[in-house]
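Here the structure comes first, spelled out in structure tokens, and everything after it is commentary.
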Amino acid sequence: MTTALTPDAAVGSRTPGADAQDATATVEIFGPQGWFAVCAREDLIPGRGVAALLPDGEQVALFVDRAGRAYAIANRDPFTGAYVLSRGLTGSSANRPFVASPLLKQRFDLATGECLDDPSVSVRAYQVRVRGEEG
Amino acid sequence: MAAAATPNTTPARPTIVLVGHGMVGQRFLEELADRGVTERARVVVLCEEPRPAYDRVQLTSYFAGRTPEDLSLTEAGFMERHGIELHLGDPATAIDRDTRTVTARSGLTVRYDSLVLATGSYPFVPPVPGKDSTGCFVYRTIEDLLDIEEYAKNSGTGVVVGGGLLGLEAAGALKGLGLTTHIVEFNPRLMALQVDEGGGSALRRTVEEMGLEVHTGVGGKEIVAGDGGTVTAMELSDGSRIDTDLVIFSAGVRPRDQLARDCGLTVGERGGITIDEQCRTSDPAVYAIGECALASDGRVYGLVAPGYDMARVAADALAGQDGSFTGADLSTKLKLLGVDVASFGDAHGTTEGCLDVVYSDSRSGVYKKLVIGAEGELLGGVLVGDAEAYGMLRPLTGSVPPLAPEQLVLPAGAGAPAALGPSALPDDAVICNCHNVTKGAIRSAVTEHSCGTVPEVKKCTKAGTGCGSCVKALTSLVNDELEASGVSVDKGLCGCFPHTRAELYEIVRTLRLTTFAELLDSHGRPEARDGDGCEVCKPTVGSIIASLAPTLGADGYVLDGEQAALQDTNDHFLANLQKNGSYSIVPRIPGGEITPEKLIVIGEVARDFGLYTKITGGQRIDLFGARVDQLPQVWARLVDAGFESGHAYGKALRTVKSCVGQTWCRYGVQDSVRMAIDLELRYRGLRSPHKLKSAVSGCARECAEARGKDFGVIATSNGWNLYVGGNGGADPRHADLLAQDLDDEELIRLIDRFLMFYIRTADRLERTSAWLERIDGGLDHVRDVVVHDSLGLCDELEALMADHVHHYRDEWAETLNDPERLSRFVSFVNAPDAPDPSVRFVPERDQVKPDLTLLAGPTLPVRTLEGTSV
Ligand code: SRM
Ligand SMILES: Cc1cc2nc3c(=O)[nH]c(=O)nc-3n(C[C@H](O)[C@H](O)[C@H](O)COP(=O)(O)OP(=O)(O)OC[C@H]3O[C@@H](n4cnc5c(N)ncnc54)[C@H](O)[C@@H]3O)c2cc1C
Ligand code: SF4
Ligand code: FES
């Protein structure tokens, strides 16, 4: 099961924010009260994260990778308790996209929330979708 | 096997019952499986604890975040694969040797042909009144730790009874849980068993400096319980009293031999199930191994390594093979509360006619003693505070060391010759004490079993999988062996690139690549192309592109375009991330010189934003506790007052420290402050493989500590002396003299060349000190290149630096001028005005500090990046 949904039309070589239509595309996270719009697609820089606040006060770390796929996991780093995962460096290892915590560097799978360096630890992964693009 | 173990029966499948599934029990099962015995016999295990065997030696790492599952020693599927019946939470309660049956608490009764007792020890609790009060604990099992952790949540103070190895470990854990911690030790010194008096006092000083209270030479007289029978205080034998909420008894262990006593097996006078050299008890069908056994040399061993030896011997006996256990070495190396402590061989110098060689430095808490025999042979020793030499010395025990003993105890750099590498050891030297693995065995793992990496050798030999203290020696042996056998060791930067940092620098420079994606897709490992890179190569390449930016024609601003995604977290926000998610801010104060007006601005900004303010070790001021969204506001005020980024966040030039120099100082011979300011302004913003530090002193008294810097300048009456490759930090090194009596211009030219040559050829995160030691030809080669231009590179190096100097712009001023860049400095993308509620502070000493009640455990597992290359 993968929780990172790729909007069908969004894959391919498009760079987020590169053309006019994208400006209206919104990124939505499936939170406790259903789909929730957090930001515009162009707010996300590929390979970098941002933090977003869900209606229930939970913090989510939101990322988009080089191919334009969006991911969301809990922002809290379970190793230190600080809400910082959105500020880590991302990458991919054996085709698994990950973010490395900026504090003590443990890596988390962006799609599943599993910690790659300690399988007994994981963070919550959220479903994400990008709405309002053509197609 | 059946014949050997059970002479009177000839069943098709004999039954082996193991009582106790601890560390030694599990090892015994593995040894049985290795010998194929599990295929021929039914194996039944009675395990008292609710979980299968785990690593008791690493127990305390639970408090550092390792879960009980991490500590497990039982590989998933092991029991099923070998058809072993494991009964968890079901201890043996009785043995009937006549009928050869064992009964468990659940009522289960098993008939055995061979019985193996591996019941370990129990913690000894001295019979003080009140010892059973709520709040008293022992420290032996995962369950004990879970209970302590829970109880400590509502406790402020804790007492550990016992200042031995385990007591110190328990005390460290309590301290880590935030308790005021006392250690009460009956003996006159800590770790009385392992270290001598000198070592004990070095240890004590260090332990006290960590904030633990040590009481030696006193015992606990009574535990005072308040309402509801909970601990409130402990009274000591000297009449004093410690108010406390929690007590941990760690006053030694006793063998668990009750089952054996009850069924009439011989036990020692002071406990322990008596065994012979084959680990057989007084009943030849019953074996005892591990901490419950009294070995044929009259000792009960409280360490895991001898237990593993016994496990092997018992498995040999059951497989009809020869093996014997006659005693073991009691050497230990531990990191207690962060202090290295090691003892080996005849540590207390009890051999007749032996002599001591002692080195002691109470300022730094280092104490080293070697015991030397009449023939000059090394008999043993104690090392406290610096146990680096343990890996070398222990295997040399019994032989005459190749160096004079005094040279073996002197600290590195104080006249001691370069440390002997593990390559100097004989093949039969034991490298891993925990698993008794020799150098020869490690070498043959590489040569005969074709292990190509350290993890493979660990798996194959088990070396390095116990206490971990041998891993450094192991790694160096494995790499030597691999290189000797012509295997090329993968020196690639990470799983994404097969090149070193220096190679990537050349590729970027010559192909004029300006993006990470281009580099990855053209030069990455095939499996990594089109991917996202990783947290190792992204910042490395980001830094290479940044230091070459003017030359490549790329934009030098580190947050533009793709560069933004490559930067480490700190660079991304142009500030330093702190443990609670807030940031610290360090404005540049070139040379440490600052006007009163500017000081006032810093004070006002800090006051207005409520920032914690501290003078750093680098002659400037750090402002801590800003939220992401406050960074631009703080910087707007600072930039306005003429401050620039201090790059405390970057792998870049940090500070150029200065002494006050000729202008004021009666000894000064040059204007060191001016030179420091010139240098700092010249090299500010220069991105490099690691941070760069510098200092300028006005005379040879060296008040600026220039020889501890990557490049240090010391004034002479004729000009300047330039030193390079100095380092403070973890592995200090004094800088080496590169050139003498330079004028201003010559000095700057040499530094330009030196820095650019370093940036070009160093590895990722390699300070100049390590780089200088590593590169072929060392200092002489560097001098040839940068002073004598032996490679004809100097023009290019100087041009690169000129480009850098010419294109320098202050990153914060640029950021503030661009709304698009500023828009990234928010806590939440969907609530730009909302502060992050998880970043909170509490008062301390009239300022603030992070409120960490939200955060997790005391010490945390830091992931090191060494293992990241494939
Ligand atoms: C703030 C400061 C301590 C203080 O309050 O005085 C400090 C704080 C940190 N030091 Fe330091 N070091 C500070 C002076 C030093 C010094 C003294 C000096 O520069 O004169 C040293 C020894 C000299 C040297 O580097 O050779 C020093 C040796 C280290 C090391 C070890 C480097 C090494 O080569 O072994 C690290 C770890 C690293 O860089 O990998 C480190 C790392 C750090 C980090 C970056 C750790 C981190 O990643 O969080 C700290 C970040 C500070 C922050 O968040 O603002 N810090 N650090 C000092 C800032 C100086 C400045 O104005 O820029
Ligand atoms: C905190 C701590 C740190 C340590 N650090 C080190 C170190 O750095 N180096 C070192 O060499 N050693 C260290 N030790 C000691 C090491 O853990 C022991 O030497 C090792 O565990 C002994 O193994 P064992 O199998 O004999 O006993 P144990 O591991 O104690 O296993 C015995 C098992 O038998 C079970 N048992 C007992 N009676 C019964 C019964 N009737 N029926 C069924 N099961 C029973 C017990 O519940 C236990 O699980 C440390 C110990 C502790 C507690
Ligand atoms: S290094 Fe020399 S000039 Fe500088 S302050 Fe010290 S004594 Fe004075
Ligand atoms: S010496 Fe303990 S793991 Fe090797």
Quick one: grab the alpha carbon gyration tensor of region B:61-132, order the square roots of its eigenvalues as a ≥ b ≥ c, and give me rounded if a/c is under 1.5, else prolate or oblate depending on whether a/b is larger than b/c.
oblate
DSSP loop GluC sites (Glu not before Pro) with at most 13 other Cβ within 10 Å: longest gap in chain B
B:449-870
What are the trypsin sites (Lys or Arg not before Pro) within region B:766-838 that DSSP puts in a loop, where the Cβ has at most 15 other Cβ atoms within 10 Å?
B:Arg809
For region B:583-676, which trypsin sites (Lys or Arg not before Pro) are in a loop by DSSP, counting at most 11 other Cβ atoms within 10 Å?
B:Arg666
Using alpha carbons only, how many angstrom separate the centre of region B:705-780 from the centre of region B:117-135?
59 Å
What order do you get for B:His788, B:His807, B:His572 when you list them from fewest to most C-beta neighbours inside 10 Å?
B:His788, B:His807, B:His572
Under the helix-only model (-39500 (n - 2.57) for each DSSP H run of 4 or more, divided by the residues of chain B), the mean residue ellipticity at 222 nm, to 500 deg cm²/dmol, is -8500 deg cm²/dmol
Looks like region B:501-567, by Cα gyration tensor root eigenvalues a ≥ b ≥ c and the a/c under 1.5 rounded cutoff (else prolate when a/b is bigger than b/c, oblate otherwise), is oblate
A:Leu116 long-range amide H proximity, modeled H, under 5 Å
A:Arg107, A:Phe108, A:Asp109
If each K or R counts +1 and each D or E counts -1, the residues other than B:Thr514 whose Cβ falls under 12 Å of its Cβ total -2
Square roots of five times the C-alpha gyration tensor eigenvalues of region B:517-629, ordered largest first and given in whole Å, equal 36, 17, 11
Of all DSSP beta bridges with both partners in region B:651-808, the antiparallel percent, nearest 5, is 60 percent
Note down the relative contact order for region B:651-808 as a percent, whole number, built from C-alpha pairs under 8 angstrom at least six residues apart.
18 percent
What net charge do the residues around B:Pro732 carry, taking every other residue with its C-beta under 12 Å from that of B:Pro732, with Lys and Arg at +1 and Asp and Glu at -1?
+2
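What does the charge count around B:Gly398 come to, taking other residues whose C-beta lies under 12 Å from its C-beta (Lys +1, Arg +1, Asp -1, Glu -1)? Intermediate values should be presented prior to the final figure.
Values: positive: B:Arg394; negative: B:Asp329, B:Asp346, B:Glu375, B:Glu377, B:Asp428.
My count for the surroundings of B:Gly398 gives -4.
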Spin-label zone in region B:347-387 - amide nitrogen under 12 Å from a point set 7 Å from the Cα of B:Glu406 along the C-beta vector:
B:357-359
Antiparallel bridges, percent of DSSP beta bridges restricted to chain B (to nearest 5)
60 percent
In whole Hz, what ³J(HN,Hα) sequence does region B:748-755 give by Karplus (6.51, -1.76, 1.60; θ = phi - 60°), x for Gly and Pro?
5, 4, 5, 5, 3, 5, 4, 5
Region B:489-506 - phi-based ³J(HN,Hα) in whole Hz, Karplus 6.51/-1.76/1.60, Gly and Pro as x:
7, 5, 9, x, 4, 6, x, 9, 10, x, 9, 7, 4, 4, 5, 5, 4, 5
Consider a paramagnetic label point 7 Å from the Cα of B:Ser237 along Cα→Cβ; state which residues of region B:187-204 have an amide N under 16 Å from it.
B:187-193
Counting only DSSP beta bridges with both residues in the protein assembly as shown, tell me the antiparallel percent, nearest 5.
70 percent
Report ³J(HN,Hα) in whole Hz for each residue of region B:196-203, in order, from the Karplus equation J = 6.51 cos²θ - 1.76 cosθ + 1.60 where θ = phi - 60°; Gly and Pro get x.
8, 4, x, x, x, 6, 4, 5
Exposure proxy ranking, count of Cβ atoms within 10 Å, fewest first, for B:Ile431, B:Ile372
B:Ile372, B:Ile431
Taking placed amide H atoms and a strict 5 Å upper bound, the residues 5 or more places from A:Val38 or on another chain that come that close are A:Val27, A:Glu28, A:Ile29
May I ask for log10 I(q)/I(0) of the protein assembly as shown at q = 0.04, 0.08, 0.09 Å⁻¹, from a Debye sum over the Cα atoms as equal point scatterers with solvent left out?
-0.24, -0.97, -1.20
Once you sort the root eigenvalues of the Cα gyration tensor of chain B as a ≥ b ≥ c, which label holds: rounded (a/c under 1.5), prolate (a/b larger than b/c) or oblate (the other case)?
prolate
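Report the calculated FRET efficiency for B:Asp96 and B:Glu277 (r = Cβ-Cβ distance, R0 = 30 Å), to the nearest 0.05. Kindly include the intermediate steps, with their values, before the conclusion.
Values: r = 27 Å, r/R0 = 0.90.
Step by step, r from the Cβ atoms, then E = 0.65.
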In nm, spacing of pseudo-spin labels at B:Thr716 and B:Thr500 (7 Å Cα→C-beta vector):
3.2 nm
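Quick one: order B:His734, B:His348 by neighbouring beta-carbon count within 10 Å, fewest to most.
Ranked by crowding around the Cβ, least crowded first: B:His734, B:His348.
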Under 5 Å from the placed amide H of B:Gly164, counting only residues 5+ away or on other chains, we find B:Met191
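Every number here is computed from the coordinates shown, using simple stated rules; none is lab data. A quick note: this is a predicted structure, and the numbers were derived from the prediction, not measured. Every residue, glycine as well, gets a Cβ built from its backbone with ideal geometry; the counts of neighbours run over all protein chains shown.
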